[in-house]
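Accompanying notes for the structure given below.
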Amino acid sequence: AMIYPGVYRRTPSLWFRLHSTYVRKMRYLFDLKEDDDICRQAQNSGTFYLFHNLSPFLQKVGSKYLAPQISAVEMKSTLGKLKHNEQMIENSVLIGCSDACMAYFALDLVFSKIYSIPGFLEKSVIESELKGSFTELRKALFQLDGKDRPLLSSAQALLRWHDTHQFCSKTGQPTQKNVAGSKRVCRTSGIIYYPQMSPVVITLVSNGSQCLLARQAAFPKGMYSALAGFCDVGETLEETVRREVAEEVGLEVESLWYSASQHWPFPNSSLMIACHAIVQPQQTKISMNKLELEAARWFSLEEIEEALKRGPKPLKQENQSVSLCLPPKWAIAHQLIQEWVKQQASKPA
Ligand SMILES: NC(=O)C1=CN([C@@H]2O[C@H](COP(=O)(O)OP(=O)(O)OC[C@H]3O[C@@H](n4cnc5c(N)ncnc54)[C@H](O)[C@@H]3O)[C@@H](O)[C@H]2O)C=CC1
Ligand SMILES: [Mg+2]
């Protein structure tokens with residue numbers, strides 16, 4: 001499957017000697033995005049992750065769920081009733097590649113409009129043919145482990161972006177995707193559209209001994225998380241952190257630092273930028289913005305440690321209320337909370 005660039009085509013061993021696995025992968029993905037012909041070839045030798053209206057296809061293996069990679073050949077034969085294979089495969093988008101440079105694609109059966117092809121299989125028939133089920137992404141993220149989570153999240157985001165950017169917003173004419181799906185072009189205006197992402201800052205506020213968590217009405221029962229907010233045009237990340245903390249809980253940030261970032265597919269495609277922030281210890285009275293939040297309060301180290309121990313499901317307590325539960329371990333908010341716990345533990349008593 002490997003396509004060697006330029007001079008390496010005659011001396012593939014040189015290509016292998018000169019580059020690490022990681023560099024080879026990144027160069028290969030770059031070629032796939034830049035060169036439609038290389039990418040079209042890769043579609044015939046690569047593997048596919050299937051989606052149905054943005055729900056990824058999962059299989060249960062023992063007690064585990066996984067997202068199977070379906071080979072191009074397997075796909076054509078399993079979904080063999082198709083008379084328009086080629087056309088359908090062209091609707092897929094590139095989402096990565098293996099260490100051996102085999103390309104991964106994602107394909108949404110609904111968005112590919114295959115249901116307009118006479119004789120195409122019903123969703124339930126595909127599910128029983130392939131022995132698995134199309135599972136809503138939020139649910140899938142809880143069932144899957146490891147590397148499939150970020151892969152399926154970015155795949156969904158990319159598929160959704162293509163589905164909602166089929167027309168040029170200046171001319172109203174249809175846009176065409178390149179084979180990899182890394183952009184769409186309007187032939188009339190020449191405008192190139194690139195997949196969109198919204199930067200979001202997520203901040204864990206601390207007063208030195210407690211941390212501030214809040215909940216939105218839409219959160220699952222009992223769940224509290226760090227404060228989050230979209231960056232406004234023209235803002236720096238530092239300005240977004242300060243504004244969001246002021247807007248949502250009425251506090252002034254004294255200092256802040258960056259921790260890590262994560263792509264988040266909900267509701268569209270966000271780049272979550274995670275920060276820690278400290279407010280002045282003598283200025284910690286919360287004034288909550290009721291339009292944005294349902295509850296916000298300070299939590300002690302003990303409360304947080306207990307909630308981490310209990311895991312992601314809330315317990316019903318005697319007084320009808322539910323116990324505190326925290327975001328799942330694969331959400332960056334969870335990582336911020338873990339880091340805060342470590343900082344507290346390493347502080348001199
Ligand atoms: N609070 C949390 O723990 C977590 C939040 N998130 C994500 O963080 C993001 C932002 O959180 P919120 O508190 O809802 O943001 P927010 O505090 O900025 O408020 C949301 C409002 O911002 C406006 N807005 C501005 N730019 C927007 C854009 N590009 N897309 C959508 N709305 C925009 C809308 O009016 C929307 O109602 C969401 O995508 C959410 O899924 C993800 C993980 C955890
Ligand atoms: Mg918010």
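The values are calculated or read from the model by the stated rules, or taken from the named source; none is laboratory data. Not measured: the values here are computed from a predicted model. Note that we place each Cβ from the backbone using ideal geometry, even for glycine, and neighbour counts take in every protein chain shown. Accessible surface areas use protein heavy atoms only, side chains included; no ligands, DNA or RNA. Shrake-Rupley method; radii C 1.70, N 1.55, O 1.52, S 1.80 Å.
Across the chain, Cα pairs under 8 Å and at least six residues apart give a relative contact order of 13 percent.
Considering only beta bridges that DSSP places wholly inside the chain, some 75 percent are antiparallel. Considering only Ala246, Ala274, Ala140, the mean-square fluctuation computed in a Gaussian network model of the chain, springs between alpha carbons under 10 angstrom, is largest for Ala246. Using the Cβ of Val185 as centre and a radius below 13 Å, the other residues enclosed give a net charge of +4, where K and R count +1 and D and E count -1. Within the listed set Pro199, Pro267, Pro328, the residue fluctuating most in the Gaussian network model of the chain (springs between alpha-carbon atoms under 10 angstrom) is Pro267.
Candidate cross-link partners of Lys347 among the lysines, defined by an alpha-carbon separation under 22 Å and a same-chain spacing of 8 or more, comprise Lys309. Which net charge results when you count Lys and Arg as +1 and Asp and Glu as -1 among the other residues whose beta-carbon is under 13 Å from that of Leu291? Its environment carries a net charge of -3. Which pairs, out of Lys25/Lys76; Lys139/Lys221; Lys139/Lys342, put more than 24 Å between their alpha-carbon atoms? Those over the limit are Lys25/Lys76; Lys139/Lys342. At a probe radius of 1.4 angstrom, the accessible area of region 149-290 per residue rounds to 48 square angstrom. Computed from the C-beta positions of Arg27 and Val110, the FRET efficiency with R₀ = 35 Å rounds to 0.55.
Note on Ser128 and Met197: with the Förster distance fixed at 30 Å, the Cβ-Cβ geometry gives a FRET efficiency of about 0.25. With both labels modelled 7 Å from their Cα along Cα-to-Cβ, the Ser323 to Lys183 distance reads 5.3 nm. Of the residues His334, His19, His162, the one that moves most in a GNM of the chain with alpha-carbon contacts below 10 Å is His19. Each DSSP beta bridge with both residues in region 21-156 is either parallel or antiparallel, and the antiparallel ones are about 70%.
Only protein atoms count toward the accessible area here, which uses a 1.4 Å probe; on the chain, the carbon and sulfur part of that area reaches 53 percent.
The separation of region 183-198 from region 209-239, counted between C-alpha centres, amounts to 31 Å.
In this label model, Leu14 and Ser98 are separated by 2.8 nm, measuring between points 7 Å along each Cα→Cβ vector.
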